[in-house]
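Take a look at the structure set out below.
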Amino acid sequence: MSAAIDLDAYLRRIGHRGAVAPDLPTLQALTTMHAAAIPFENLDPLRGVPVRLESTALERKLLHEQRGGYCFEQNLLLAAALREVGFEVQGLIARVLWNQPEDAITAQTHMLLKVQVAAECWLADVGFGSMTLAGALRLVPGIAQPTALEPFRLLERGGEWRMQACVRGTWLTIYRFDLQPRDFIDYVVANHYVSTHPQSHFVDHLTVARTLPDRRLTLRDREFTVRRVDAEPVRRNLRDVAEIRQVLQEEFGLRVPDDALLERKLASLPS
């Protein structure tokens, strides 16, 4: 599904120092640090630049150009790094239900990972934007599992699984999926839809997120929000392109492309 990557460059990018091994402490450390260091962002679809999923493109963009990406980029990069460490990893695909009715029929447009650790299976997902998982979850149903932020749990019925997070005391479904391993071409097709289709919100709206150990940062068009567990969100409306760029660089750690089309897109974002 993905060729080898430069593991040392990956570890430097996420700030990991020390030894790594195909064990649970390494999995939890890499997933938590990845989510904090490499932001979720859609600057390329917004400015009409193709999103490439080959390992060389992921390395260049996410590791060396100090950019981020969305689920396919993030989780393909993580999968390649985990394999380099020695983990057994399978890619899965999900139907997003966040802010949707429980019975909504949505396309398979989200990637996540199943990771084998000794005799147990775990789920990892560093690419869900505002609700990115900080850490990894045991693949067991019906148990609330703590993370550095919200508790998460998995529900299973008839082979269909649902990922949920407890937000202010209410369990909300993020997406549903099965355990059928997916091939790279499945992500290529879904990525093309998400990055180019006129009905994809990634084409017309700025969506950026960063999951830190104590807070979530999100930028939706001009609205910048800081969310902490058990606290009211703090929101700020960004006035102009200069302020949007400043937040992208200082809060999300992004190296923003110097691109005239992107400037026009940022200037036209709704308030």
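The values are calculated or read from the model by the stated rules, or taken from the named source; none is laboratory data. Here the structure is a predicted model, which means the values were calculated and not measured. With ideal geometry, Cβ positions are generated from the backbone for all residues, glycine too; neighbour counts draw on all protein chains shown.
Things to note:
- Any hit, the range 135-148, residues being out of contact with any Asp or Glu (no Cβ under 9 Å at 6 or more places or on another chain) and surrounded by 21 or more Cβ atoms within 10 Å (Cβ to Cβ): yes
- Annotation note: Cβ proximity below 6 Å between a residue of the range 46-67 that is over 18 Å from Phe202 (Cα atoms) and a residue that is modelled with pLDDT under 95 and surrounded by fewer than 17 Cβ atoms within 10 Å (Cβ to Cβ) (sequence gap 6+ or interchain) occurs for Ser55/Ala3.
- Residues of the range 168-207 satisfying the condition of being aliphatic (A, V, I, L, M) and in contact with a helix residue (DSSP H, G or I) (Cβ under 8 Å, 6 or more places away or on another chain): Ile174, Ala190, Val194, Val203, Leu206
- In this entry, Glu88 passes the filter for residues that are farther than 29 Å from Arg255 by Cα and charged (D, E, K, R).
- Matching entry among Asp214, Asp204 (being under 26 Å from Ala165 (Cα atoms) and either touching a residue at least 24 places away in the same chain (Cβ under 8 Å) or surrounded by 12 or more Cβ atoms within 10 Å (Cβ to Cβ) (or both)): Asp214
- Conditions (1) among the β-branched types (Val, Ile, Thr); (2) in a loop (DSSP other than H, G, I, E, B); (3) crowded, with 18+ Cβ neighbours inside 10 Å; number of the one not met by Thr26: (2)
- One residue from Thr56, Thr106 being hydroxyl-bearing (Ser, Thr, Tyr), surrounded by fewer than 22 Cβ atoms within 10 Å (Cβ to Cβ) and assigned to a helix (DSSP H, G or I): Thr56
Quick grid of which residues meet (1) surrounded by 14 or more Cβ atoms within 10 Å (Cβ to Cβ); (2) over 16 Å from Thr109 (Cβ atoms); (3) in contact with a strand residue (DSSP E or B) (Cβ under 7 Å, 6 or more places away or on another chain); (4) acidic (Asp, Glu):
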residue: Arg182; (1), (2), (3), (4): yes, no, yes, no
residue: Gln199; (1), (2), (3), (4): no, no, no, no
residue: Thr218; (1), (2), (3), (4): yes, yes, yes, no
residue: Arg227; (1), (2), (3), (4): yes, yes, yes, no
residue: Pro257; (1), (2), (3), (4): yes, yes, no, no
residue: Ser268; (1), (2), (3), (4): no, yes, no, no
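- Among (1) within 23 Å of Gly135 (Cα to Cα); (2) surrounded by fewer than 21 Cβ atoms within 10 Å (Cβ to Cβ), the one test that Ile5 misses: (2)
Conditions tested, residue by residue: (1) in contact with an Asp or Glu (Cβ under 8 Å, 6 or more places away or on another chain); (2) closer than 23 Å to Pro22 by Cα; (3) not in a loop (DSSP other than H, G, I, E, B).
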position: Lys114; (1), (2), (3): no, yes, yes
position: Glu150; (1), (2), (3): no, no, no
position: Glu156; (1), (2), (3): no, no, yes
position: Thr173; (1), (2), (3): yes, no, yes
position: Asp186; (1), (2), (3): no, no, yes
